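Engineer: Below you'll find the structure I mean.
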Amino acid sequence: MRMISKTQIDDAVIWAVANQKGGVGKTVTTVNLAAALSAMGKRVLVVDLDPQGSASNNLLSGGAGWGGVYGVMRGEIGAREAVQKDQCAGIDVLAADEDLVAVEVELVGIVGREAVLAGRLEGIRRLYDYVVIDSPPTMGFLAINALVAADRVLVPIQCEYMALEGLTRLMATLDRVAALKGLERIKRMYVLTMYDQRTNLSSDVVREVREHLGGEVAKTMIPRAIKVAEAPGFGRTVLDHDPWGAASLAYRVLAEEVANVSRS
Ligand SMILES: Nc1ncnc2c1ncn2[C@@H]1O[C@H](COP(=O)(O)OP(=O)(O)OP(=O)(O)O)[C@@H](O)[C@H]1O
Ligand SMILES: [Mg+2]
């Protein structure tokens, strides 16, 4: 695999939001963490590496439109040229589209295929404080590219039955990625999502997750709130849609936690 050049001190910290389990809050977390970091005055780029394109659709009114991360990964367009601007939240976006599904097959033979995205982001990471990558609910080529490109991984865990299911596999994948990058361990943070304080189930899950994963679990939990599910329909982040709501507050506090650990 091609060596990834050493990170400069003022380069963006790249976070991949990953969990191969579907529907756990990866996209909502990507979009609203990015919005909260942006509200802190940070320069933020969201990379949508999920062919479903939900983060792009949420952030870019009228959908992803042309190009985006597909062309960037194929080397047809530079990342800087492909970046689109979100008008409300002040976030830059490398959008996804359905063609992204094809990139896995198209780049099948190339050397260092796990590090394609890492290489493409090298030239623009110094323009940002944070890059947040949304990844698809499968552990294939795209998700591995997200993990290899990232300095740190944020793993949303839904407060549901079987919350820890699949995490052993995710951890094994992180170990593989660490080996690829010549690191001992990939730095990570887990965040509990869709927490419902009225149910015993949520508190049981919280206890279990904190017991197993300890200090790597974010202190902040993201509450379940109807406004979170509603916001993308208005083309808004939750921070715009319901600025004083509990979920907005939680994402702001999470952004503080993320910022605090990022340079450690
Ligand atoms: N805090 C929350 N409160 C209420 N609904 C939420 C919350 N977080 C996520 N949801 C809803 O749960 C569903 C899954 O969330 P999201 O799309 O972020 O998950 P995902 O992990 O990105 O899914 P996929 O694996 O399909 O990419 C969405 O309908 C979203 O609106
Ligand atoms: Mg998603």
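The values are calculated or read from the model by the stated rules, or taken from the named source; none is laboratory data. Owing to the predicted nature of the structure, the values given are computational and were not obtained by experimental measurement. Quick reminder, even Gly has a Cβ in these numbers, built from the backbone with ideal geometry, and neighbours come from all protein chains shown. Side chains are part of the model used for accessible areas, which takes the heavy atoms of the whole protein and leaves out ligands, DNA and RNA. Shrake-Rupley method; radii C 1.70, N 1.55, O 1.52, S 1.80 Å.
Engineer: What about Leu174, is it closer than 30 Å to Val116 by Cα and within 16 Å of ligand 2 (Cβ to nearest atom)?
Structural biologist: Spelling it out, it is not the case that Leu174 is closer than 30 Å to Val116 by Cα and within 16 Å of ligand 2 (Cβ to nearest atom).
Engineer: Those residues that are open to solvent by less than 10 Å² (accessible area, probe 1.4 Å), away from ligand 2 (no atom under 16 Å from the Cβ) and farther than 22 Å from Tyr190 by Cβ, I need them from the range 22-54; list them, please.
Structural biologist: Hit for the range 22-54 is Leu45, nothing else.
Engineer: Still on this structure: Is the range 151-162 home to any residue that is away from ligand 1 (no atom under 16 Å from the Cβ), over 15 Å from the mean Cα position of the chain (by Cα) and open to solvent by 20 Å² or more (accessible area, probe 1.4 Å)?
Structural biologist: no
Engineer: Go through Leu127, Leu117 for me and flag whichever is under 19 Å from the mean Cα position of the chain (by Cα) and surrounded by 20 or more Cβ atoms within 10 Å (Cβ to Cβ).
Structural biologist: Leu117
Engineer: Can you tell which of Leu180, Leu121, Leu170, Leu147 is part of a helix (DSSP H, G or I) and within 14 Å of ligand 1 (Cβ to nearest atom)?
Structural biologist: Of the residues listed, the single one that is part of a helix (DSSP H, G or I) and within 14 Å of ligand 1 (Cβ to nearest atom) is Leu170.
Engineer: Just to verify a result, which residue in the range 231-264, among those that are among the hydroxyl-bearing types (Ser, Thr, Tyr) and under 15 Å from Ala34 (Cβ atoms), is surrounded by the fewest Cβ atoms within 10 Å (Cβ to Cβ)?
Structural biologist: Here the residue is Ser262.
Engineer: Can you find, within the range 1-20, the residue that is modelled with the lowest pLDDT among those that are in a loop (DSSP other than H, G, I, E, B) and open to solvent by less than 50 Å² (accessible area, probe 1.4 Å)?
Structural biologist: Among them, the one singled out is Asp11.
Engineer: Say whether the condition of being polar (S, T, N, Q) and more than 13 Å from ligand 1 (Cβ to nearest atom) is met by at least one residue in the range 126-136.
Structural biologist: For the range 126-136, residues polar (S, T, N, Q) and more than 13 Å from ligand 1 (Cβ to nearest atom): absent.
Engineer: Check Ala96 against each of (1) in contact with a helix residue (DSSP H, G or I) (Cβ under 6 Å, 6 or more places away or on another chain); (2) surrounded by fewer than 23 Cβ atoms within 10 Å (Cβ to Cβ); (3) not in a helix (DSSP H, G or I) and name the one condition it does not meet.
Structural biologist: Every listed condition holds for Ala96 apart from (2).
Engineer: State all residues of the range 183-230 that are open to solvent by 50 Å² or more (accessible area, probe 1.4 Å), away from ligand 2 (no atom under 16 Å from the Cβ), out of contact with any strand residue (DSSP E or B) (no Cβ under 7 Å at 6 or more places or on another chain) and part of a helix (DSSP H, G or I); if no residue qualifies, say none.
Structural biologist: Listed by number, the residues that qualify are Asn200, Asp204, Arg207, Glu208, Glu211, His212, Gly215, Ile226, Lys227, Glu230.
Conditions tested, residue by residue: (1) touching a helix residue (DSSP H, G or I) at 6+ places or on another chain (Cβ under 7 Å); (2) of a type in the set (Val, Ile, Thr); (3) within 17 Å of Val24 (Cα to Cα).
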| position | (1), (2), (3) |
| --- | --- |
| Val228 | yes, yes, yes |
| Asp240 | no, no, no |
| Trp244 | no, no, no |
| Val258 | yes, yes, no |
